[in-house]
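Peer 1: Sharing a structure, written as structure tokens. Questions coming.
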Amino acid sequence: YLEMNRMAREISLGRELLERKSDVCAFLFAFFSRISECGTVRALADACEESMGGTCGVRGLHIAWWGKENIVHYLLSAGQDEETRVRWRVFMREQCRAYLAEPLEGVCQYRNCRGGEPGAPESLVMLPLLIRGRACGLLALDMENPVLQSRDMAQALDAVRRHMALALWEGAGNASFFAEEEEE
């Protein structure tokens, strides 16, 4: 009986691991297939937010991108009222200043923003957008739950971060790519 219990537990753990890995693979497949055909930065951000919404519990995706230039482009989550967009823009500007003063260490950096003014994010994952080790922007994920389900999901988010940085870097050469977004 002990041997049967061990085998049953091993089988159920194997199934759970397979289920998590298939969720991560499905998320990455959905992400890459949705963003591969985006011609503008708004379409790119919306596709990324949509693919991350179901799997990672992302409520909003916000990007501050400065790339090679001194111009910062703010790509705020669509579907928000003007007051919320202004708050997010101010928040992202502060995060850019803080990041440039003291760069984030590691792949993922969690910042808890509870207790701020109304509309401030409660749980946020800040990811630096790096090209060849050089900071070019920040990706902020407003999440329902700031704890990732597994190490595989953290690695998938790292792949998303890297791909977003490359897509934004590539699109920066095209003037129409950032045409609709806010600049500073």
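The values are calculated or read from the model by the stated rules, or taken from the named source; none is laboratory data. In this text, all values refer to a predicted model and were calculated from it rather than measured experimentally. When we count neighbours, we look across all protein chains shown, and the Cβ atoms used for this are built from the backbone with ideal geometry, even at glycine. Keep in mind that these areas ignore ligands, DNA and RNA; they rest on the heavy atoms of the full protein, side chains included. Shrake-Rupley method; radii C 1.70, N 1.55, O 1.52, S 1.80 Å.
Peer 1: Where residues in region 78-90 are in contact with a strand residue (DSSP E or B) (Cβ under 8 Å, 6 or more places away or on another chain) and at pLDDT 80 or above, which of them is nearest to Ala172 (Cα to Cα)?
Peer 2: Looking at residues that are in contact with a strand residue (DSSP E or B) (Cβ under 8 Å, 6 or more places away or on another chain) and at pLDDT 80 or above, I get Arg89.
Peer 1: Of all the residues that make up region 59-72, how many are assigned to a strand (DSSP E or B) and open to solvent by less than 10 Å² (accessible area, probe 1.4 Å)?
Peer 2: 6
Peer 1: Something else about it: Does Glu3 satisfy being over 17 Å from Ala156 (Cα atoms), among the acidic types (Asp, Glu) and in a helix (DSSP H, G or I)?
Peer 2: yes
Peer 1: Mind listing whichever residues of region 48-58 are surrounded by 19 or more Cβ atoms within 10 Å (Cβ to Cβ) and outside any strand (DSSP E or B)?
Peer 2: Cys48, Glu49, Ser51, Met52, Cys56
Peer 1: Oh, and also: Say whether the condition of being over 16 Å from Trp66 (Cβ atoms), at pLDDT below 85, in a strand (DSSP E or B) and open to solvent by 50 Å² or more (accessible area, probe 1.4 Å) is met by at least one residue in region 112-123.
Peer 2: Within region 112-123, one or more residues are over 16 Å from Trp66 (Cβ atoms), at pLDDT below 85, in a strand (DSSP E or B) and open to solvent by 50 Å² or more (accessible area, probe 1.4 Å).
Peer 1: Report yes if some residue within region 5-17 is of a type in the set (Val, Ile, Thr) and modelled with pLDDT of 85 or more; otherwise report no.
Peer 2: Within region 5-17, one or more residues are of a type in the set (Val, Ile, Thr) and modelled with pLDDT of 85 or more.
Peer 1: How many of the residues making up region 1-47 are surrounded by 12 or more Cβ atoms within 10 Å (Cβ to Cβ), without any contact (Cβ under 8 Å) to a residue 60 or more places away in the chain and either out of contact with any Ser or Thr (no Cβ under 8 Å at 6 or more places or on another chain) or farther than 30 Å from Arg59 by Cβ (or both)?
Peer 2: Total satisfying the criteria: 5.
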